[in-house]
Each structure stands twice: as structure tokens, then as C-alpha cells.
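The structure appears below as C-alpha cells.
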Amino acid sequence: MIRERILDITRHEVIRSGFRFSMNDLSKQLGMSTKTVYEFFPSKEDLLKDLLDTSLTEIVQKEQQLMSDTSLPLPSKLRQALVMMPDDLGMFDLRRLSELQRYYPAVWSQLDLFITNHWDEIRQLVHTGQASGELRSFDTEVFVQVYIGGLYRLMEQSASGSWNGSTLSAALQEMVDMLLEGVLPKEGP
């Protein structure tokens, strides 16, 4: 119960002010001693790793539900899987991701590993769609690398201040639209 409360308050703090909060500030918000917080999380990095684990677990669970939904057509599943985010987007705001990468490289490494390696479900969807004719034939690995590269480029622009300020969710929607539909206007009847 206390552990979950610490994670919940941390989540709100990340949304409010990013990753630069102190454990002392956090303990004051919790109404407990810093020592108590450190009993549950030996370091701020451990706390952030747990917070990230919770978000990544949520994404995996959502993905499993999506993949087992037989009412959705394959193209819809693919689109939804590519823009899937945890319900609480605080850690996944573009500016926050840049902070995470800069100030907490071990936690960032955990997220980076997930981003670069968690593609089995997407690959399976693409191969199924190509076999059924719902998707045209294309190199799945190039598709994955373009997506990952686009995501990282969005984060770099956000960190440099040259980003227009849209959310990661909105940016992913736009990027996925371009990947799946292209940029040329649709031809009329």
C-alpha cells in the first residue's frame, strides 16, 4: 500500500515538474520521512525504474488485449498497436523522455531496450496481414527502423527546443498515419 502510494505521488510529480524533483520533496508530499521512502526505494533511480516497469507492463497488457480482440480488422489493430501508450502519459511526454535520457541513463536504457526490442506482436501482425493480402508486401525491418528512428528524432527535437509542443501521443498518431497511408492525396473514384 505504501509502495503504491509512493509510486502514485511520484507519477504526479513527474507530470507536474519532470524528473528533477528531490526525494526530500517527494517525502514531504507523502507526509513521511525521507528514510521511509528510501526503505521502499533505495534510490531515486530505483523509484523511477519501478514507475517505468509499471507503465511498460500496462502497455504489454493493453497489447495482449488488442491482439486477442477478434472484432477488430488487422489494419486497425496495427494502427492501434503502433500508437499504444500507457493511460498515464507523464513519463512518456516528449520533454520528459529527453530528461529521462539525459539525467537517468540506466532508466532510459530500460525504456530504450523496450522500444527497440518489443516488436514481435507488430511483426506477426504485419506478416499475417501480408499473407492475407490486407497489407502490401514491404520490408518489416525497414518499417520498424523507420518508426524507431522517427520516435527518437521527435525526442531529439523536443530536447533541443525546436519541437512544436505537441504531445507524444499526437506525434505518434501523425507519424503512424504517414507510415500507413503515405503523404500523397488519395485518388478519387
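The values are calculated or read from the model by the stated rules, or taken from the named source; none is laboratory data. On a predicted model such as this, the values are computed, not experimentally measured, just so you know. Methodologically, a virtual Cβ is constructed for each residue, glycine included, from the backbone with ideal geometry; neighbour enumeration extends over all protein chains shown. Each accessible area value is taken on the protein alone, full model and side chains, heavy atoms only, with ligands, DNA and RNA left out. Shrake-Rupley method; radii C 1.70, N 1.55, O 1.52, S 1.80 Å.
Legend: residues 70, 10, sorted from most to least accessible area (1.4 Å probe; ligands, DNA and RNA excluded), read 70, 10. For residue 44, the lysines whose Cα comes closer than 16 Å to its Cα, not counting residues fewer than 8 places off in the same chain, are 28, 35. With a 1.4 Å probe and every protein chain left in place, tell me how much accessible area residue 38 has, in Å² to the nearest 10. Here the residue's solvent-accessible area equals roughly 100 Å².
Residues 183, 144, ordered by accessible area of protein heavy atoms at a 1.4 angstrom probe radius and largest first, appear as 183, 144. Report the net charge of residues surrounding residue 110, where surrounding means a beta-carbon distance below 11 angstrom and charges are Lys +1, Arg +1, Asp -1, Glu -1. Once all neighbours under 11 Å are counted, the net charge is -3.
The fraction of accessible area contributed by carbon and sulfur in the range 1-141 is 51 percent, rounded to a whole number (1.4 Å probe; ligands and nucleic acids excluded). Entry comment: accessible area of the chain is 56 Å² per residue, from protein heavy atoms only and a probe of 1.4 Å. Measuring r between the beta carbons of residue 187 and residue 112 and using R0 = 35 Å, the FRET efficiency lands at 0.30. For the residues 123, 153, a 1.4 Å probe over the protein chains yields an accessible-area ranking, largest first, of 153, 123.
Label sites at residue 138 and residue 16, each approximated as a point 7 angstrom past Cα along Cα to Cβ, lie 4.3 nm apart.
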